[in-house]
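Peer 1: Just passing along the structure, written as structure tokens.
The values are calculated or read from the model by the stated rules, or taken from the named source; none is laboratory data. Computed from a predicted model, the values in this text were never measured in an experiment. Cβ placement follows ideal geometry from the backbone for every residue including glycine, while neighbour counts extend to all protein chains displayed. For the accessible areas, the whole protein counts, side chains as well, though only heavy atoms, and no ligand, DNA or RNA atoms are used. Shrake-Rupley method; radii C 1.70, N 1.55, O 1.52, S 1.80 Å.
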Amino acid sequence: MTGTAPVICIDGPSGAGKGTLSQHLATELGWHLLDSGALYRVVGFAGRLASVSLEDSDAVAGIARSLDVDFRPTSDGVSVWLAGEDVTVHLRTEEGGRDASTVAALPAVREALLLRQQELARPPGLIADGRDMGTVVFPQAPLKIFLTASAEARAERRFHQLQGMGESVSLARLLADIEQRDARDQSRIVSPLVPAEDAIVIDSTALSADEVLQAARDLAAARDL
Ligand code: C5P
């Protein structure tokens, strides 16, 4: 581990509420925030821009290594800049999620992004949101939370989110997508989506965002973070 600051890892499947929890915790503690999913999304996006096959490991890993990416804090998270251009709106789409999951299954891509993520552990601390923060990227972290929820609850949350953005989507399609992405994330050979042995699992199916935040606050306080 190359960073020098404490890290709180928030891992778990898509739609469990990791992003919201991570943003609130980072704001409350005044810590940095790593949205590692955005890093995989931007690699997928850059791959499409370069017209390479997202399954071409050498080509995509080359893109990941030379990625000119910058994360800038905004009022509701971070904006992502690729080669000096704000590409945030292109990343948070269903297609962006699928592409991210495709490139994330390539070991060479994960390797290329490892150090970049570890270097973000700077004082006063880092909230690291992802799938393998506690298992691979920050194994020494003093607090690892694995936030999960039923696939149905996650699909419904995403459905309301997309409806709020004026997008018409089918709940059944969203559920199928989530189940497919979970299966791919859990079964890949490198960094599969599993809780770290020392992670604390929070199931948010029946909890509000505030209740999840309070549970995380209590865990952090118990560790003097
Ligand atoms: O968190 P988000 O939905 O933005 O992540 C998009 C995809 O990127 C995930 O479905 C997963 O396949 C991949 N990912 C990953 N490891 C991470 C973060 C995201 O494999 N640490």
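Peer 1: Can we say A141 is within 12 Å of the ligand (Cβ to nearest atom), outside any helix (DSSP H, G or I) and among the small types (G, A, S)?
Peer 2: No, not satisfied.
Peer 1: Can you tell me which residue among L21, L25 is among the hydrophobic types (A, V, I, L, M, F, W, C) and within 13 Å of the ligand (Cβ to nearest atom)?
Peer 2: L21
Peer 1: I would also like to ask the following. Can you tell me how many residues within the range 64-81 are more than 22 Å from P107 (Cα to Cα) and open to solvent by 20 Å² or more (accessible area, probe 1.4 Å)?
Peer 2: Total meeting the criteria: 9.
Peer 1: Where residues in the range 82-109 are open to solvent by 20 Å² or more (accessible area, probe 1.4 Å), part of a helix (DSSP H, G or I) and among the charged types (D, E, K, R), which of them is nearest to the ligand (Cβ to nearest atom)?
Peer 2: Restricting to residues being open to solvent by 20 Å² or more (accessible area, probe 1.4 Å), part of a helix (DSSP H, G or I) and among the charged types (D, E, K, R), the top hit is R98.
Peer 1: Inside the range 1-55, can you point out the residues that are among the hydrophobic types (A, V, I, L, M, F, W, C) and within 18 Å of D86 (Cβ to Cβ)?
Peer 2: L33, A38, L39, V42, V43, F45, A46, L49
Peer 1: Can I ask one more? Can you go through A16, A61 and tell me which one is closer than 18 Å to V103 by Cβ, surrounded by 17 or more Cβ atoms within 10 Å (Cβ to Cβ) and within 16 Å of the ligand (Cβ to nearest atom)?
Peer 2: It is A61.
Peer 1: Now for a different question. For residues in the range 133-145 being open to solvent by less than 20 Å² (accessible area, probe 1.4 Å) and touching a helix residue (DSSP H, G or I) at 6+ places or on another chain (Cβ under 8 Å), which is nearest to V89 (Cα to Cα)?
Peer 2: Selected residue: M133.
Peer 1: Show the residue pairs meeting these rules: Cβ distance below 8 Å; 6+ apart or different chains; first residue within the range 162-183 and part of a helix (DSSP H, G or I); second residue β-branched (V, I, T) and open to solvent by less than 70 Å² (accessible area, probe 1.4 Å).
Peer 2: L162/V169; Q163/V169
Peer 1: Can I ask one more? How many residues does the range 64-81 contain that are more than 23 Å from H24 (Cβ to Cβ) and within 15 Å of the ligand (Cβ to nearest atom)?
Peer 2: Residues flagged as more than 23 Å from H24 (Cβ to Cβ) and within 15 Å of the ligand (Cβ to nearest atom) within the range 64-81 amount to 3.
Peer 1: When only residues in the range 35-56 that are more than 9 Å from the ligand (Cβ to nearest atom) and under 22 Å from R158 (Cα atoms) count, which is most open to solvent (accessible area, probe 1.4 Å)?
Peer 2: In this case the residue turns out to be F45.
Peer 1: Among the candidates A216, A128, A220, single out the residue that is assigned to a strand (DSSP E or B), surrounded by 13 or more Cβ atoms within 10 Å (Cβ to Cβ), at pLDDT 95 or above and small (G, A, S).
Peer 2: None of the other options fit; the residue is A128.
Peer 1: Can you confirm whether L115 is farther than 30 Å from D224 by Cβ and within 15 Å of the ligand (Cβ to nearest atom)?
Peer 2: No; evaluated as a whole, the condition is false for this residue.
Peer 1: Taking D203, is it more than 16 Å from the ligand (Cβ to nearest atom), modelled with pLDDT of 95 or more and of a type in the set (D, E, K, R)?
Peer 2: Considered against the rule, which asks whether it is more than 16 Å from the ligand (Cβ to nearest atom), modelled with pLDDT of 95 or more and of a type in the set (D, E, K, R), D203 comes out as yes.
Peer 1: Let me ask you something else. What number of residues in the range 158-176 are within 13 Å of the ligand (Cβ to nearest atom) and surrounded by fewer than 19 Cβ atoms within 10 Å (Cβ to Cβ)?
Peer 2: Qualifying residue count, the range 158-176: 1.
Peer 1: If a residue has to be among the hydroxyl-bearing types (S, T, Y) and touching a helix residue (DSSP H, G or I) at 6+ places or on another chain (Cβ under 7 Å) to count, how many in the range 61-93 make the cut?
Peer 2: Adding up the residues that qualify gives 1.
Peer 1: Further, regarding this structure: Looking at (1) among the aliphatic types (A, V, I, L, M); (2) surrounded by 14 or more Cβ atoms within 10 Å (Cβ to Cβ); (3) not in a helix (DSSP H, G or I), find the lone condition where V201 falls short.
Peer 2: For V201, the failing item is (2).
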